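The values are calculated or read from the model by the stated rules, or taken from the named source; none is laboratory data. Nothing here was measured: the structure is a model prediction, and the numbers come from that model. Here the Cβ is made from the backbone with ideal geometry for all residues, glycine too, and neighbour counts use every protein chain on show. Accessible surface areas use protein heavy atoms only, side chains included; no ligands, DNA or RNA. Shrake-Rupley method; radii C 1.70, N 1.55, O 1.52, S 1.80 Å.
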Amino acid sequence: MRYGAKSPAKRIILISVSCLVAVALVVTGIAVFMNARTANATVDVESVSAVSTMYWGDQSSTYGTATSDFVQELYPDTTKSISEIFVAEGQTVKIGDTLLQYDTTKLELTVESKKLEVEKKNYELQQANKDLVRLQNTPPYVEPPIPEPEPEPTPTPVPPSTATLYSEITEHSKPFKGTGTTEDPYVFLCTEDCVLSKEFLMRLMGLSTLTPSPSPSASPTPQPSETPTEEPQPTESPTATAAPSPTASPAPTPSPTPAETPTPVPEPTAAPTVPPESGGESTPDVSGMAWFQRLTTDGGTADGSEPTDEEPPTDEEPFELPNGPFAARFEVHEQDNENLPLLKGWAMDGHRITAGFFFDTEEETPADSIEMLGVEPDDPWIAPIDPDAMYTQEQLDQMITEKKQEIRDLEVAVKQAKIDLSKAELELKNATVTATVNGTVKTLTDLDTALASSAPFLVVSGGDGFYVTGTLNESLLGRINVGDTVSVSAWEIGASFDAEIVKISDFPSANGYYDGTSNPNTSSYAFTAFIPNAEGLKNGMMLDIILQAGAGDEVPSDTLYLMKAYIRSDEGGRYILKVGEDKRVHKTYIETGKTVYNDYLEIKGDVLTMDDYVAFPYGTQAIDGAKANLPEDAMLGEEEVAAE
């Protein structure tokens, strides 16, 4: 029973060990198989020199007709002026001899103007690109949402008025606030046509306790000391003012002594005497603030009626202002309510004998602001604060499209300006005209005569060798020049010749030859090449011409360009299968450069040379470590591979 209980655990252990052994055998088998496959794999290899090339520049092909008698003709050019002619009629010349010299002043100015035109177009192109970036980064204008109308605020109830409204201020008028001091004056609520009584004014200035002047009957002979007391007194009654005492009227001008001079009384200022001719009537009301125009000096009311001694019935004792002096304010409020805004008022101070109007400063005082004359805030010609945010998305898209088209037009204009500059520089370079043919100067006439007859003024005729005329694309101007060598092939006789370019036209040809590789929309320029050794050529024979534009000094002469088919890529980059010293191919990562002839990639560095061998990196046998199937004469370094 004990053995039977332990048998399941032993069985599990045996199964686990068996699985591990099986996995190990499988992995070992795969490794052995892969190693055997790599060891037995054989891949063909090619010499790098057979699948690479050197870049010498761009080629262009054209064609022309061989001619044995070439004539150089010079026609008058109204845009140029000749400074000197170096040959005479009948003189023998060779290719390269100087015939004449044009004035270079105007040509130099033309070159400078063309340079400025190129700079101008480049600047316009830069600005257009900046404008495009600005438009692309401009956020569109979005119509702001219409805010919900705010509910009208509930008006704050105005407390009812508790002050007494006065149309006449007397000594019994009660202020609704204040203590009568200069800092805290009495404040009365008044109507606009409110008036002040004489008694009130007397109390305000503290004059109600003055001793009245003696009666004229008691003193038939007035004393000088009585005159000052009698004159400043206000009119006590209409009867006394209208009919003065005969005893007092003829009194001479008093000469009071300093001891008898009374204290100056400002009564005439506070309560002026009514002139006799007015009949004792008060001055009519001429404005809303009428208390000074309608002051009652005889105890009468504001409308001229007789005052009444009746007092308004009240349960309280009648209020009476104290004998001053004191200060008071008389205010007119909206709706005759002291709790509403102040409209206007008058202030008087008996302590200082001052008075003055005052208004509500918040409403009457103009705000301190600056006004721009002639400029309305809603004027459409005024630029907004943020003009970039005032375009909708549709407007921005339209402006971006138009700006891109403008950039394309400017790019074409820049190219045309550069071509015009190249032409101007070529004309300046060709200001010195040389002979393009070995021959004799047959004709040399006056410029005016040649211009009138539309004939050449200088003709050089040659007879040795052959000449061929072809065309070149304007993109090759400046890269192919006079003196360069072109390759000429005559398929009729199966021969090739070297020819030297002796002339390139200053003007584009009317019917240029299109070689199928250049832009058909560009211009072509005629050129003439001389073939010195032209054995077998016949006059009128068709010739193919190959022009080779140099790659320039920036390309090293030992740069290697490998066919794209022998280059492959993985997650580590581009690599080739290069044969090592062990005669097996190995994955070798490379750095590539530009593409030439559309089929070759530049190999940078010294990882690959013309003496190396590479394998085609595709197929079942193209694996890292495969044996290289080398040619019999293959050389690895300095060791020749033995044939197996």
Any idea how many residues of the range 494-512 are open to solvent by less than 80 Å² (accessible area, probe 1.4 Å) and either at pLDDT below 85 or within 21 Å of Ser422 (Cα to Cα) (or both)?
9
Of the residues in the range 76-92, those that are under 17 Å from Ser461 (Cα atoms) and either in contact with a Phe, Trp or Tyr (Cβ under 7 Å, 6 or more places away or on another chain) or loosely packed, with under 13 Cβ neighbours inside 10 Å (or both) number 4
Suppose the filter is farther than 30 Å from Val614 by Cβ and either at pLDDT 80 or above or surrounded by 10 or more Cβ atoms within 10 Å (Cβ to Cβ) (or both); does Gly57 pass it?
no
Whichever residue in the range 344-361 is assigned to a strand (DSSP E or B) and either farther than 26 Å from Glu171 by Cβ or small (Gly, Ala, Ser) (or both) and, among such residues, is least open to solvent (accessible area, probe 1.4 Å)
Gly345
Residue among Val488, Val468, Val482 that alone is farther than 11 Å from Ile531 by Cα, modelled with pLDDT of 85 or more and either open to solvent by 30 Å² or more (accessible area, probe 1.4 Å) or part of a strand (DSSP E or B) (or both):
Val482
Among the residues of the range 381-398, write down those that are at pLDDT 55 or above, farther than 17 Å from Asp131 by Cβ and outside any helix (DSSP H, G or I).
Thr392
If you go through the range 525-554, how many residues are modelled with pLDDT of 85 or more and open to solvent by less than 40 Å² (accessible area, probe 1.4 Å)?
9
Only one of Asn40, Asn35 is out of contact with any His (no Cβ under 9 Å at 6 or more places or on another chain), surrounded by fewer than 17 Cβ atoms within 10 Å (Cβ to Cβ), modelled with pLDDT of 70 or more and polar (S, T, N, Q), namely Asn40
Can Pro153 be described as farther than 30 Å from Asp397 by Cβ and either at pLDDT below 90 or surrounded by 13 or more Cβ atoms within 10 Å (Cβ to Cβ) (or both)?
yes
Would you confirm whether or not the range 393-402 contains a residue that is closer than 30 Å to Pro140 by Cβ, in contact with a Pro (Cβ under 6 Å, 6 or more places away or on another chain) and open to solvent by 30 Å² or more (accessible area, probe 1.4 Å)?
yes
Counted residues in the range 555-577 being at pLDDT 85 or above and under 30 Å from Asn481 (Cβ atoms) come to 2
Could you figure out which of (1) open to solvent by 70 Å² or more (accessible area, probe 1.4 Å); (2) modelled with pLDDT of 90 or more isn't true of Tyr141?
(2)
Which one is modelled with the lowest pLDDT among residues in the range 406-424 that are among the charged types (D, E, K, R) and open to solvent by less than 80 Å² (accessible area, probe 1.4 Å)?
Lys423
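To keep it simple, each residue is scored yes or no on (1) out of contact with any helix residue (DSSP H, G or I) (no Cβ under 9 Å at 6 or more places or on another chain); (2) in a helix (DSSP H, G or I).
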site: Ile419; (1), (2): no, yes
site: Lys423; (1), (2): no, yes
site: Glu427; (1), (2): no, yes
site: Val433; (1), (2): yes, no
site: Val437; (1), (2): yes, no
site: Lys442; (1), (2): yes, no
site: Asp448; (1), (2): yes, yes
site: Ala452; (1), (2): yes, yes
Can you find a residue in the range 582-604 that is of a type in the set (Lys, Arg), within 15 Å of Thr53 (Cα to Cα) and assigned to a loop (DSSP other than H, G, I, E, B)?
yes
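Determine, yes or no, whether Leu107 is more than 16 Å from Ser461 (Cα to Cα), touching a Leu at 6+ places or on another chain (Cβ under 7 Å) and buried (at least 18 other Cβ atoms within 10 Å of the Cβ).
yes
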Residue check for Ile95: at pLDDT below 90 and surrounded by fewer than 11 Cβ atoms within 10 Å (Cβ to Cβ)
no
When you look at Leu458, is it farther than 24 Å from Lys423 by Cα, touching a Leu at 6+ places or on another chain (Cβ under 8 Å) and at pLDDT 85 or above, yes or no?
no
